[in-house]
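The values are calculated or read from the model by the stated rules, or taken from the named source; none is laboratory data. Nothing here was measured: the structure is a model prediction, and the numbers come from that model. Methodologically, a virtual Cβ is constructed for each residue, glycine included, from the backbone with ideal geometry; neighbour enumeration extends over all protein chains shown.
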Amino acid sequence: MFANVGGRRLYYELRGNPEGPTLVMLRGFARHTLHWGSVLSELESRFYLLLLDNRGLGRSDAVRYPFTVSDMADDVAGVMDAANISRAHVLGSSLGGMAALRFAVDHGARLDRLVLVGTTAGGRKAPPPSIGAFVKMLGARLGSAKEAMMTEVGLVLGKSYAAEHPEIIEEWCSILERYPVPLRTLAFQALAVRMHDVSSELARIGAPALVLCCRTDHIIPPDNSRMLARGIAGAELAWLDGDAHDVTTSFPRESALRIEEFLLRPVGAQVRRAD
């Protein structure tokens, strides 16, 4: 399905349990709906999932001009309108987590609960995302699809996962060949990351929040997750042992259990405090 948001077609799909709570899921840098993998099968029996391809990626329209994380958050609201969804839980991973944060600030009345996976509030005090990793990923995209995916799998999924699941390279290569990503889009996404900063606005987020991260993340340093958990009132911080950045791919079952427990917990139930 497609939503027309500001004259731009954005691809989205609905799947899972229509009787369950709605969960909007936002992917990160160079990723789109097809990259969610098996975590969807872990979640779709309990949730009604709204998945979308960020502007310039997958089946959404290409982009010609730079955009901001705020634009991406507005895209989410527009897709929700097209899908007749007034309120929802929102989960964002990496760049998708930045868009989820911006959505929580700008469209908070439409947010039930917030899940932030391997992401950052940005700003001068936050440890920045790894410039070296971005350079490696962008550089690898100049070569073959296999070279690009071998580089990215090692960086975002962790060395142990890459060694144990070589099939992921072929899967991501197939996705890239079906839906090539223009370098211009990646440059615009990198610029959006660079400009992202909600660090002074975290106190405006009134929704319950879960921050999920691996203890070792070579893309977005884990201290960012600690800062988010401290800055959002009542937020919980959950750690997974490992070196993955793309947590929901490397640890689909463990991630889904944490997400499900948080989103389905009765209002007012005791919560774990961030460390």
_Given the criteria at pLDDT below 95, more than 26 Å from Glu254 (Cβ to Cβ) and touching an Asp or Glu at 6+ places or on another chain (Cβ under 8 Å), does Ala187 qualify?_
no
* Test: Ala121 is touching a residue at least 60 places away in the same chain (Cβ under 8 Å), among the small types (Gly, Ala, Ser) and surrounded by 21 or more Cβ atoms within 10 Å (Cβ to Cβ) -> yes
Taking region 24-39 and the residues there that are in contact with a Gly (Cβ under 8 Å, 6 or more places away or on another chain) and of a type in the set (A, V, I, L, M, F, W, C), the one that is surrounded by the most Cβ atoms within 10 Å (Cβ to Cβ) would be Leu26
Exercise. Is there a residue being among the β-branched types (Val, Ile, Thr) and touching a strand residue (DSSP E or B) at 6+ places or on another chain (Cβ under 8 Å) anywhere in region 23-31?
Worked result: yes
Requiring at least 2 residues that are aliphatic (A, V, I, L, M) and surrounded by fewer than 24 Cβ atoms within 10 Å (Cβ to Cβ), the helices (runs of 4 or more DSSP H) wholly within region 203-275 are 223-231, 252-264
Phe47 passes all but one of the listed conditions (1) touching a Pro at 6+ places or on another chain (Cβ under 7 Å); (2) surrounded by fewer than 24 Cβ atoms within 10 Å (Cβ to Cβ); the exception is number (2)
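Residue-by-condition table, conditions (1) over 16 Å from the mean Cα position of the chain (by Cα); (2) aliphatic (A, V, I, L, M):
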site: Val69; (1), (2): no, yes
site: Ser94; (1), (2): no, no
site: Met98; (1), (2): no, yes
site: Lys136; (1), (2): yes, no
Over region 244-268, the set of residues of a type in the set (Gly, Ala, Ser) and touching a helix residue (DSSP H, G or I) at 6+ places or on another chain (Cβ under 9 Å) is Ala244, Ser250, Ser255, Ala256
- Message: Can you say whether Ala73 is more than 20 Å from Val117 (Cα to Cα) and not acidic (Asp, Glu), as far as the supplied structure shows?
- Response: no
The number of residues in region 1-30 that are in contact (Cβ under 8 Å) with a residue 60 or more places away in the chain and either under 17 Å from the mean Cα position of the chain (by Cα) or under 19 Å from Leu263 (Cβ atoms) (or both) is 13
Condition met for Leu114 (within 13 Å of Gly206 (Cα to Cα) and in contact (Cβ under 8 Å) with a residue 12 or more places away in the chain):
yes
Worksheet item: In this structure, does Phe188 turn out to be closer than 13 Å to Leu116 by Cα and assigned to a helix (DSSP H, G or I)?
Response: no
Note on region 124-176: residues within 26 Å of Asp241 (Cβ to Cβ), of a type in the set (A, V, I, L, M) and in contact (Cβ under 8 Å) with a residue 24 or more places away in the chain are Ala126, Ala133, Met137, Met149, Leu155, Val156, Leu157, Ile168
Taking region 6-53 and keeping residues in a loop (DSSP other than H, G, I, E, B), farther than 19 Å from Cys173 by Cα and not charged (D, E, K, R) leaves Gly6, Gly7, Asn17, Pro18, Gly20, Pro21, Ser45, Phe47
The residue that is farthest from the chain's Cα centre (by Cα), considering only those in region 155-164 that are modelled with pLDDT of 90 or more and surrounded by 18 or more Cβ atoms within 10 Å (Cβ to Cβ), is Leu155
Handout entry: Condition met for Arg59 (basic (Lys, Arg) and either closer than 27 Å to Leu257 by Cα or free of Cβ contacts under 8 Å to residues at least 24 places away in the same chain (or both))
Key = no
